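Each value in this text was obtained by applying a stated rule to the coordinates, not by laboratory testing. Only a predicted model underlies this, so the values are computations on that prediction, with no experimental measurement involved. For neighbour counting, all protein chains shown are included, and Cβ atoms are generated from backbone atoms with ideal geometry for every residue, glycine included.
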Amino acid sequence: MLDRLESQYKKILSDYLTDQTERNLYIAQNFTRQLIQKNVSPEEVVSIHKNAVSKILPDRMREEQSAYDFLIEVMVHYGMAHREHQSLLQKQAEYELEMKIATNIQKTLLKTVVPHLTSVDIGMVSIPIRKMNGDYVHFLHGREDYLSVAVTDVVGKGVPAALCMSMVKYGLETLEYTYKDPTYVLEVINRVIEKGVDDSMFVSMFYGCLDLQKNTFSYASAGHEPALHYCARQDEFFTLEAKGLLLGVLPETKYIYKEITLEKNDIILMMTDGVTEFRSHEELNSREIITTLIAENKHLTAQELCNLLYKQIEELQDFKLSDDFTVVILKK
């Protein structure tokens, strides 16, 4: 095969050296298609050129023999590196396609619908720093009687985190008639995750249930960022601490719940650690910044507060958030 290609190439090169026209170059460019189709390596192309030159210009070839041999050796290694590079590019393209499909699936399966209730104003912002979100918010409500919220953060990213989050979602959906008890919810989801995911993956969750008739908010936490309660009557913020082990660590973990009373204009702020951890500005007190912002803008709607908080924290971190950002605000 190479002998025939060398013969063709010698004719093309000879014609070009004689005429040096655009037509000669066009013929040479078309010839490269044959080389590609026959999977001729870069070093073989140099060898073909070398043999053609030695026949057309034998005197010059005697002077350039060593230079061509050197070029062939270089092209051997170049060809190997080039093929490896192309293989990596192909794998990257396949990975990006898979990630795009997985992202679309996540957006469809884990889409959060924010309920609209007359007695409580609800706002939410959830922004991933990569294509796939490691945070998830789930709402459960019984008309105007109860509103439950699960704010979840998977320790891990990418497709495994999305699959784990899917288990959390469907686990929560099975608790349709028992979602008023935060401790029971966390204990059930903990068993689901402990049995169904890899030992290296854990989930934190803050679960709160607002009784819209009694105006009480009960909550429990599984290793999650504490929520904040703004008490309008006292014009003061309180941290809603509820200690509990991360989900998926031990199968029989027990959780405790606490309860507060909400009054008109009170605010509950639930978030993931992407809201409170300023890794690029550790000297800043993130909770002080958050509470000051909420206090100064408490007249805004819950969604406006969420949007303003995201914008402010994004600016403080030079528009380079270090983790997924999720915040949910309930305003009585």
Pairs of Lys in segment 25-171 closer than 28 Å at Cα, counting only those 8 or more apart or on different chains: 20
Cβ-derived FRET efficiency at R0 41 Å, R130 paired with N39, nearest 0.05: 0.60
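Suppose the chain between D198 and H116 were pulled fully straight at 0.36 nm per residue; how much longer would it get relative to their current alpha carbon spacing?
25.9 nm
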Please rank H49, H224, H85, fewest neighbouring Cβ atoms within 10 Å first, as an exposure proxy. H85, H49, H224
Taking the Cα atoms only, what angle lies between the long axis of helix 286-296 and the longest principal axis of the chain, rounded to 10 degrees? 60
Taking amide H atoms as placed 1.01 Å from N in the peptide plane, list the residues 5 or more away in sequence, or in a different chain, whose amide H sits under 5 Å from that of Y146. L212
T21 and A81 label points (each 7 Å along its Cα→Cβ direction) are spaced in nm at 4.0
Using the Cα centre of segment 100-220 as the reference point, and only Cβ charges (+1 on K/R, -1 on D/E), how large is the resulting charge dipole? Debye, rounded to the nearest 20. 540
Compute the length gained on full extension between E252 and N285: take 0.36 nm times their separation in residues and subtract their Cα-Cα distance, giving the result in nm to one decimal. 8.3 nm
Footprinting proxy, K195, K298: sorted fewest to most Cβ within 10 Å, the residues are K195, K298
Between rounded, prolate and oblate, where does the chain land on the alpha carbon gyration tensor, with a ≥ b ≥ c its root eigenvalues, rounded for a/c under 1.5, else prolate if a/b exceeds b/c? prolate
Nearest 10 degrees is fine. How inclined is helix 58-109 to the longest principal axis of the chain, computing both from alpha carbons? 20
How much length, in nm to one decimal, is gained on full extension between E259 and E315, taken as 0.36 nm per residue of separation minus their Cα-Cα distance? 16.7 nm
Ranked by Cβ crowding within 10 angstrom, fewest neighbours first, how are S54, S66, S204 ordered? S66, S54, S204
With everything on Cα atoms, drop me the angle between helix 302-316 and the longest principal axis of the chain, reported from 0 to 90° to the nearest 10. 50
Two pseudo-spin positions, 7 Å from Cα along C-beta at E241 and at Q29, lie apart in nanometres by 7.4
Residues whose modelled amide H sits under 5 Å from the amide H of L240, counting only those 5 or more places away in sequence or on another chain, are A227, L228, H229
How many nm separate the modelled label positions at R143 and L293, each set 7 Å beyond the Cα in the direction of the Cβ? 3.8
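Placing unit charges on C-beta atoms (Lys and Arg positive, Asp and Glu negative, everything else neutral), compute the dipole magnitude of segment 203-332 about its Cα centre in debye, rounded to 20.
The calculated dipole for segment 203-332 is roughly 540 debye.
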For segment 195-332 (alpha-carbon point model, no solvent) the Debye-based log₁₀ I(q)/I(0) at q = 0.09, 0.11, 0.17, 0.19 Å⁻¹ works out to -0.30, -0.45, -0.99, -1.16
How large is the helix-only mean residue ellipticity at 222 nm for the chain, computed as the sum of -39500 (n - 2.57) over DSSP H runs with n ≥ 4, divided by its residue count, in deg cm²/dmol to the nearest 500? -16500 deg cm²/dmol
Using Cα springs under 10 Å in a Gaussian network model of the chain, which residue among D19, D153, D69 shows the largest mean-square fluctuation? D19
